[in-house]
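Coordinate-derived values only; no laboratory data. As the structure is a prediction and not an experimental result, all values here were calculated from the model. All Cβ positions, glycine included, derive from the backbone under ideal geometry; neighbour counts span all protein chains shown.
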Protein chains: 2
Amino acid sequence: MEIQPDLSWPAIVLVRPREEGNVGAAARAMANMGLERLILVEPAAALGPTARARAVGARPVLDRALRVATLREALAPFARVIATTSTRDRSLGIPLLAPRELPPFLAADPPGTPTALVFGSEVGGLTNDDLAYAGAVVTIPCAPAMPTLNLAQAVLVLTYELFVARATAVPAAQAGAATAQAEQAATAGEIDGLLDHAAALMQEVGFARDDTFAGALRDLRRLAARAAPDTRDVRILRGLCRRVQGALAKREA
Amino acid sequence: MEIQPDLSWPAIVLVRPREEGNVGAAARAMANMGLERLILVEPAAALGPTARARAVGARPVLDRALRVATLREALAPFARVIATTSTRDRSLGIPLLAPRELPPFLAADPPGTPTALVFGSEVGGLTNDDLAYAGAVVTIPCAPAMPTLNLAQAVLVLTYELFVARATAVPAAQAGAATAQAEQAATAGEIDGLLDHAAALMQEVGFARDDTFAGALRDLRRLAARAAPDTRDVRILRGLCRRVQGALAKREA
C-alpha cells in the first residue's frame, strides 16, 4: 500500500466513516476546494451507488481513494497531522485551533511539508489513540445546542478555509471591481435629467403644490444616488414619464 | 401565510429544492450555526424520513419551516435580500460578495434589519427573475474544475461565516451607525406594492403592450433592490403613482 502525499495540498483522512453517502459528499467537498487525495481508514461501508451519487463530479477522488487498515499506516508519509474534534479538549496538550487559524498554522511549516487532515467517524469521532498522532486539533465553532457537524460539512469548512487562504494569499487586488456593471452607470447628468423629468410630471399632476414637494424631490435624488441606476434604468424611467405625459395630454384633448 | 422575520438572524430561503435530503442537511447546517428560520419556496419534494434523518437534531427547524408558493411571498417581510449564485455575473449590477464579505456588508444595515439569504435549486440555481429581488449576491469560491457546491454545503459556508463573525465581533454596534437611516428600510412586500402600482400605471398608459414590458419590470425590481428605499421613499413614489392616476382619471372624465 503506497501512499504518495501531495506535497502542496493536504490529504483528507477519514477514520472509520460509517455511511458511504458521507464519503461521497466529502469527496465532492474536497473537489470543490481543489483537494484530491482521500484516504479511508478501516472504512465500514463499501463505496457503492450512493457514494458515487453524492460525489457527483468528484468520482475520480473516490476512485483514487486509498484504503488502509490502520491510521498509523495512513499517516506514515505525513510530517504534519491535524485532527478534528467536535469539542475543545484542553487536556490534549497540543494547540487547539479554530478553522480560520489552520492556514497560518500550516503556513509556518516549511513549504512542501506533507500534511494530513484527519476526521473521525460520524459516531464517536476520533479516539484518544487516534488523537495521539496529531500535532494540533481543529474544532469548528458551532451553536451549543447543535454542536456536531455532518462529516462532509466538517471536511468542507476546513478545506474552504484553506482554499480561501490560498486564493487570497496571491493577488487579491480585484475586490474593488466587484460591482462592475454590464451597462454603463448613469452619469449624474443623466440622473438629473430623469429627476427634472419626474419633477415636471409631479407638477403636472398637482404634486408641486404640496409643502413637501422640495423634500420629496430631495428624497428622490438621495434614492437615485443610492440606487446607482445604469443608463438602461434611466431610459426605462424616462420612457415611463414620457408615456404618462402623453396619456395625460391625450385625455385632455 | 404569516412570515415572522427573525430580527436578529437571517432567514434561509430555499427556492425549489429538489431533494428532501438536501433540505434536511440544510436544516442541520442552520442549527449548527444557530439559525432557525427556514422558508421553502415551491418545494418540489415533501419532507419525509430522508429529510428528517439528514436533519438529525435539527428536526424542529424542519417542522417549523414555512412553505410558500412564490419567492415574492417569501421575501415580503424582508428589507435585506442576499442571493447566492455559483458564478459571478457582473451584469447583475449589484454588489458581488465573497462569503467573508457578507458579515461586514450586513453589519452596515441598521440593527434588526430583517434579512433573508436565498439559495436556488440544486439544478439551475436562481433565475434572473429570482435574482431581481436581491440587493447583493454571494458566490462561494470554488476550484474551477468543480465549481458547484451541494445546496446544504452552500448554506453551511454562508452561515458559518456569519457565526464566526458574530462570535468574534466585540460590541458591533458601531458598524451600522455610519449608514443608519432615520426611516426604516422598506420591506420587500412594500417594494412589491410599489412595483405593482407602477406596473398598473404602466399598463394604463400603454407601456404594457410593449414586448419589453416584462424586462422593464424586472429591471425596475432590480433597481429597487439596489436602491434599498426606505418607507418614506416608497410612500413618495406611491403618492406620485396615485396622483398620476388621479390626473388621468380626471382628464378622461
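Structure summary
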{"read-out": "Residue (of B:194, A:131, B:247) at the positive-pole extreme of the protein assembly as shown, dipole from beta-carbon charges", "value": "B:247"}
{"read-out": "Cβ-Cβ FRET estimate between residue A:69 and residue A:165, R0 fixed at 25 Å, reported to 0.05", "value": "0.15"}
{"read-out": "Net charge, residue A:69 excluded, C-beta distance under 13 Å - Lys, Arg +1, Asp, Glu -1", "value": "+1"}
{"read-out": "Descending semi-axes in Å of the stretch A:2-148, equivalent ellipsoid built from Cα gyration tensor", "value": "23, 18, 15"}
{"read-out": "Cα-centred dipole magnitude for the protein assembly as shown, charges only on beta-carbon of K, R (+1) and D, E (-1), debye, nearest 20", "value": "480 debye"}
{"read-out": "Rounded Å value of the spacing that divides the Cα centres of the stretch B:13-49 and the stretch B:88-167", "value": "16 Å"}
{"read-out": "Neighbourhood charge, 13 Å Cβ-Cβ cut-off, centred on residue A:249 and excluding it, Lys, Arg +1 and Asp, Glu -1", "value": "+2"}
{"read-out": "Charge sum, other residues only, whose C-beta stays under 12 Å from residue A:142's C-beta, Lys/Arg counted +1 and Asp/Glu -1", "value": "+2"}
{"read-out": "Label-point gap, in nm, between residue B:145 and residue B:249 - each point 7 angstrom along Cα→Cβ", "value": "6.6 nm"}
{"read-out": "Charge dipole of the stretch B:12-129 about the Cα centre (unit charges at C-beta), most positive-ward option of B:58, B:30, B:96", "value": "B:58"}
{"read-out": "Point-charge dipole on Cβ atoms (K/R +1, D/E -1) for the stretch B:61-142, about Cα centre, debye to 20", "value": "120 debye"}
{"read-out": "Cα-only radius of gyration and Dmax that characterise the stretch A:85-131, units Å", "value": "12.3, 35"}
{"read-out": "Dipole magnitude of the stretch A:11-50 about its Cα centre (Cβ charges: Lys, Arg +1; Asp, Glu -1), debye to nearest 20", "value": "60 debye"}
{"read-out": "Column: log10 I(q)/I(0), Debye, Cα scatterers of the protein assembly as shown, q = 0.06, 0.10, 0.11 Å⁻¹", "value": "-0.34, -0.81, -0.93"}
{"read-out": "Nearest 10 degrees, 0 to 90: helix B:151-168 Cα axis against chain B principal axis", "value": "90 degrees"}
{"read-out": "Principal-axis tilt of helix B:20-32 within chain B, Cα atoms, nearest 10 degrees", "value": "80 degrees"}
{"read-out": "Calculated diffusion of the stretch B:85-174, Stokes-Einstein form, Kirkwood radius summed over Cα pairs, 10 °C and 1.306 mPa s, µm²/s", "value": "112 µm²/s"}
{"read-out": "Chain A: relative contact order as a whole-number percent, Cα under 8 Å and 6+ apart", "value": "20 percent"}
{"read-out": "For residue A:138, residues with placed amide H under 5 Å, excluding near neighbours", "value": "A:83, A:84, A:85, A:97"}
{"read-out": "Cubic angstrom per residue, convex hull over Cα atoms of chain B", "value": "140 Å³"}
{"read-out": "Helical contribution to [θ] at 222 nm, DSSP H n ≥ 4, -39,500 (n - 2.57), averaged over the protein assembly as shown, rounded to 500", "value": "-13500 deg cm²/dmol"}
{"read-out": "Principal-axis tilt of helix B:231-252 within chain B, Cα atoms, nearest 10 degrees", "value": "30 degrees"}
{"read-out": "Theoretical FRET efficiency, 1/(1+(r/R0)^6), r = Cβ-Cβ of residue A:123 and residue B:88, R0 35 Å, to 0.05", "value": "0.35"}
